[in-house]
Amino acid sequence: MNKQLKLATKKISYRTAINQALHQEMERDNSIFTYGIDVADHKRIFGSTTGLLETFGPQRVFSTPLSEEALLGFGLGAAINGLRPINVHIRVDFLLLAINQLVNMVASYHYGSDGKLQVPLVIRAIIGKGWGQSYQHSKSLQSFFAHIPGLKVVMPTTPADAKGLLISAIRDNNPVVVLEHRMLYDVEDEVPIKPIPTPLGKGQILKIGTDITIIATSYSVVSAVQAAKVLEKQGVSVEVVDPRSIFPLDENLIIKSVEKTGHCIIADYDWTFCGFSAELATRIYEKLSHKLKSEVMRLGFAPTHCPSTRPLENEFYTDSIDLIRAVEKKLKLKEMDLSQETFYSYENQFRGPF
Amino acid sequence: MNRKKIILNLFKKAYLIRTTEELIIKHYDNNEMKTPMHMSMGEEAIMAGVCTALGKNSQTFGTYRSHGLYLAVTEETDKFFAEMYGKVTGVLKGKSGSMHLLSPSDGLLGISAVVGSTIPLAVGAAFANIYLKKKQITTVFFGDGAVDEGVFWESLNIACSKGLPVLFVCEDNGYAVHTPLSARRGYKSLTNIVKQYSCSVFETDSTDAEQIYKLSLEAINSIQKKHRPAFLHLKYYRYLEHVGVHEDFHAGYRTKLEFMEWQKKDPVKLLRNKLKDVKVKDMDIIELEERINKQVEESLQKAKKAPFPDPSELLKNTFYEQTA
Ligand SMILES: Cc1ncc(C[n+]2csc(CCOP(=O)(O)OP(=O)(O)O)c2C)c(N)n1
């Protein structure tokens, strides 16, 4: 029997999955500690760090001064000196204050020590969306992080990956940026009870299809799966590929899928210009130019800043309807009537404020 | 350690730094050492004094003005010169040049070309030592310019709020590149501000390595006794231009007269005189100097002859590759 099938699972939320990974890994390895602004307050980073302080004590779980740059350098100093730090940012946008440490120091430290020092450092940063988060609480920036040699970057979409990718990140001896999505925190799904790592650099096919491939990241995966379900009713078979790991990249999985379907839409949860979507498109053209049945299409954030008000915010993001229309255009289908469709949004449950 | 031994140790380090840099000056204009050099000349007393006080079991971080620290901590010159020449036998196989030397086996955990950027690493390393119940102290050297950076204050605050065993050493030469303190500071006294933190503060403008050694011991003692960081503020005069191996008095932002005043209390000269105080024979001094001259000269020759790294080195260690 397939080993995978025998794994005991339980239906839990993305937030609980993250929390479980932290509990299980910190239990396993005393050198892991987690810290950052508000990590140990009563809200516990949307519940993701719940119970850690009580279980592991204030030396291993602590809130910090508002000093992002120094605190990332602090993590680097601890990492090269025998510990495995997990630095948490409640929004990706705040991690920008630590860019000097991330790019000039963390990313190059192993290289700059000629391999003598290792940097087993995890940075968890949460992408915001909805309830008027606006342009300083909603960035994802995976393209930017993945551009830097020496950093690994992952974007878990499913609860199982939220747990499995975090476990892999913690066990890796390289710095890993884990970009969680706030709107996914309440998503529930089956998750292995045991700490099973999701390997970095392995993508997954979330829905098998034959007519067209949608490669999506982070919250756009949710939109893509929804779009695929609606299109299925019209007899269109969409394959949804979630790379999960931006770097290292599972290029093979992506190329195979696009080779099979011949059509490709990339829905990256980021800006498109100089972005991860451009990287994917290039790689697809390099490998498959003569096998594509249509040009690769890229969708992402509007090339501006994310507005607060809902009607404009809707325009800023790519949603399921955008994806359905894109598929129709690509496959030269008539526009289907979507007036009877209800597009479930996790945001329906989200009353903010943050 | 008796005084004679201490003075000898201090002199060895200071003389090694001075001699190494004098040799660099002699050869730099041959354009074979292609790396930006921020010379330590003038600050030998700081590196000799603090590092002798720290002893073997300690961890250090520094800045691109790296030669003094690297040589004081390692006392080796083969890998050092090879690194300056970009050779595969260098400290980091020629990947780092002058500005990012390190030597983890000697406790030297990092040097960075970005001003202020190793300061928080020292704080994190000190946290790790407490966490792992190691008794080491972590020392970080930085210039007066680094104090202008927010990260210095962030790091000081974190170290003080957690009571970490960090020795902050500000090597104050009065300039950040060519801009003097007076043009950069909206306050009167750095040490008066640092005294407001939960931190012991020590300062001197002496170029006497023995005095700096003693002050460092006091600072180290205070860290161990009071379980909180210490801040050591040390003044010195940078003999050469900010980057490069030449004098720059012609530029007019500082005067040769000023330099000559400092030169009267040149740290290496002071130490050499002290060797006589502690009754080291002239013969022995000369022998020691010649041994170091020879070490340094041989290292330079070896470095020149060594091969460059193979192109296959380029991508190595970008990532740590797990070998399961
Ligand atoms: C963050 C950063 N800003 C600017 C520079 C350019 N720079 C190199 S050295 C230096 C002056 C630093 O002065 P100080 O800290 O006093 O050290 P010193 O060079 O005098 O030893 C500057 C501005 C840099 N390397 N890093």
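Would you mind stating whether B:LEU71 is buried (at least 22 other Cβ atoms within 10 Å of the Cβ), within 11 Å of the chain's Cα centre (by Cα) and either at the interface with another protein chain (Cβ under 10 Å from one of its Cβ atoms) or closer than 14 Å to B:ARG18 by Cα (or both)? Criteria met by B:LEU71.
For the range B:52-75, which residues satisfy the criterion of being more than 12 Å from the ligand (Cβ to nearest atom) and either small (Gly, Ala, Ser) or touching a Phe, Trp or Tyr at 6+ places or on another chain (Cβ under 9 Å) (or both)?
Hits for the range B:52-75 are B:THR52, B:ALA53, B:GLY55, B:SER58, B:THR60, B:PHE61, B:TYR70, B:LEU71, B:ALA72, B:THR74.
Against the numbered list (1) farther than 23 Å from B:VAL177 by Cβ; (2) at the interface with chain A (Cβ under 8 Å from one of its Cβ atoms); (3) in contact (Cβ under 8 Å) with a residue 12 or more places away in the chain, B:GLY90 comes up short only at (2).
Looking at this structure, is A:LEU22 of a type in the set (A, V, I, L, M), surrounded by fewer than 21 Cβ atoms within 10 Å (Cβ to Cβ), assigned by TED's automatic domain parsing to the domain that holds A:GLY115 and modelled with pLDDT of 95 or more? Before the answer, list the steps.
Numbers: of a type in the set (A, V, I, L, M): yes; surrounded by fewer than 21 Cβ atoms within 10 Å (Cβ to Cβ): no; assigned by TED's automatic domain parsing to the domain that holds A:GLY115: yes; modelled with pLDDT of 95 or more: yes.
Spelling it out, it is not the case that A:LEU22 is of a type in the set (A, V, I, L, M), surrounded by fewer than 21 Cβ atoms within 10 Å (Cβ to Cβ), assigned by TED's automatic domain parsing to the domain that holds A:GLY115 and modelled with pLDDT of 95 or more.
Looking only at the range B:154-179, residues that are within 12 Å of chain A (Cβ to nearest Cβ) and either within 12 Å of the ligand (Cβ to nearest atom) or acidic (Asp, Glu) (or both) come to 1 in all. For the range B:132-153, a tally of residues being surrounded by 21 or more Cβ atoms within 10 Å (Cβ to Cβ), away from the ligand (no atom under 14 Å from the Cβ) and within 9 Å of chain A (Cβ to nearest Cβ) returns 1.
For the criterion of being β-branched (Val, Ile, Thr), more than 16 Å from the ligand (Cβ to nearest atom) and without any contact (Cβ under 8 Å) to a residue 40 or more places away in the chain, B:THR204 passes. Any idea which of (1) among the aliphatic types (A, V, I, L, M); (2) closer than 24 Å to A:GLU68 by Cβ; (3) over 17 Å from the mean Cα position of the chain (by Cα); (4) crowded, with 19+ Cβ neighbours inside 10 Å is the one B:VAL166 doesn't satisfy? Evaluating B:VAL166 over (1) among the aliphatic types (A, V, I, L, M); (2) closer than 24 Å to A:GLU68 by Cβ; (3) over 17 Å from the mean Cα position of the chain (by Cα); (4) crowded, with 19+ Cβ neighbours inside 10 Å leaves (3) as the failure.
Filtering B:SER182, B:SER189 for residues that are free of Cβ contacts under 8 Å to residues at least 12 places away in the same chain, within 16 Å of the ligand (Cβ to nearest atom) and more than 14 Å from chain A (Cβ to nearest Cβ) leaves a single hit, B:SER182.
Does the range A:134-146 include one or more residues that are among the polar types (S, T, N, Q), more than 24 Å from B:GLY62 (Cα to Cα), within 22 Å of the chain's Cα centre (by Cα) and in a loop (DSSP other than H, G, I, E, B)? Checked the range A:134-146: at least one residue is among the polar types (S, T, N, Q), more than 24 Å from B:GLY62 (Cα to Cα), within 22 Å of the chain's Cα centre (by Cα) and in a loop (DSSP other than H, G, I, E, B). Would you confirm whether or not the range B:57-66 contains a residue that is part of a helix (DSSP H, G or I) and in contact with a strand residue (DSSP E or B) (Cβ under 8 Å, 6 or more places away or on another chain)? No, that holds for no residue. All of A:LYS139, A:LYS163, A:LYS129 fail the test of being surrounded by 22 or more Cβ atoms within 10 Å (Cβ to Cβ), more than 14 Å from chain B (Cβ to nearest Cβ) and at pLDDT below 95, apart from A:LYS129.
The values are calculated or read from the model by the stated rules, or taken from the named source; none is laboratory data. Because the structure is predicted, anything quoted here is derived from the model rather than measured. Note: ideal-geometry Cβ built from the backbone for every residue, glycine included; neighbour counts use all protein chains shown.
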